[in-house]
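Here's the structure we're looking at; comments come further down.
The values are calculated or read from the model by the stated rules, or taken from the named source; none is laboratory data. What you see is a predicted model; the values in this text were computed from it and never measured. Neighbour counts are summed over all protein chains in view; Cβ atoms, including those assigned to glycine, are modelled from backbone coordinates with ideal geometry. Surface areas here come from the heavy atoms of the whole protein model, side chains and all, with no ligands, DNA or RNA. Shrake-Rupley method; radii C 1.70, N 1.55, O 1.52, S 1.80 Å.
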Amino acid sequence: MLVTAVTVGVGLVVSSTPSSAAPGASFRNPIVGTPNSADPWLGYHNGNYYYTATTWTGNIYIRKASTLGGLRTAPETRVFTMSQANATSNMWAPSMHLLNGPNGQRWYLYYSAGPSACCGGQRQHVPGTCRSSR
């Protein structure tokens with residue numbers, strides 16, 4: 001077996017003046033407005049769109065609608081409440097994943113959470129699963 005190694009030189013440029021981004025237009029989530037629009041996750045399954053996002057409350061809500069526009073006014077269903085009191089404001093980025101496992105196809109809810117002193121103890125969590133409604 002022949003192994004070829006390639007070495008690439010990388011230059012490092014250091015500036016004593018801090019850089020900043022050029023001013024630009026602000027962005028608003030076109031699907032769901034504040035406060036439940038940070039770190040959005042959007043999925044499509046069996047004819048419906050599903051939406052969840054960071055709420056800054058210690059709760060995870062899911063919206064379901066047959067159209068993207070319908071998510072804006074779709075009711076929120078609370079699917080998880082953080083029981084660790086000091087982490088309720090430090091729970092971010094919920095996402096849902098439909099995976100096949102030994103018990104069939106199931107939804108897995110992931111989120112990141114950690115102690116109230118941000119952010120060294122932040123970890124991914126999966127509170128549980130529920131069956132797919134095929």
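Of the numbered conditions (1) open to solvent by 70 Å² or more (accessible area, probe 1.4 Å); (2) under 13 Å from P127 (Cβ atoms); (3) among the hydrophobic types (A, V, I, L, M, F, W, C), L99 satisfies every one except a single condition; which is it?
(2)
Would you be able to say whether some residue in the range 61-73 is closer than 18 Å to Y110 by Cα, at pLDDT below 90 and crowded, with 19+ Cβ neighbours inside 10 Å?
Checked against the condition, which is being closer than 18 Å to Y110 by Cα, at pLDDT below 90 and crowded, with 19+ Cβ neighbours inside 10 Å, the range 61-73 yields no hits at all.
Using the structure shown, decide if P30 is modelled with pLDDT under 90, of a type outside the set (D, E) and open to solvent by 40 Å² or more (accessible area, probe 1.4 Å).
The answer is yes for P30.
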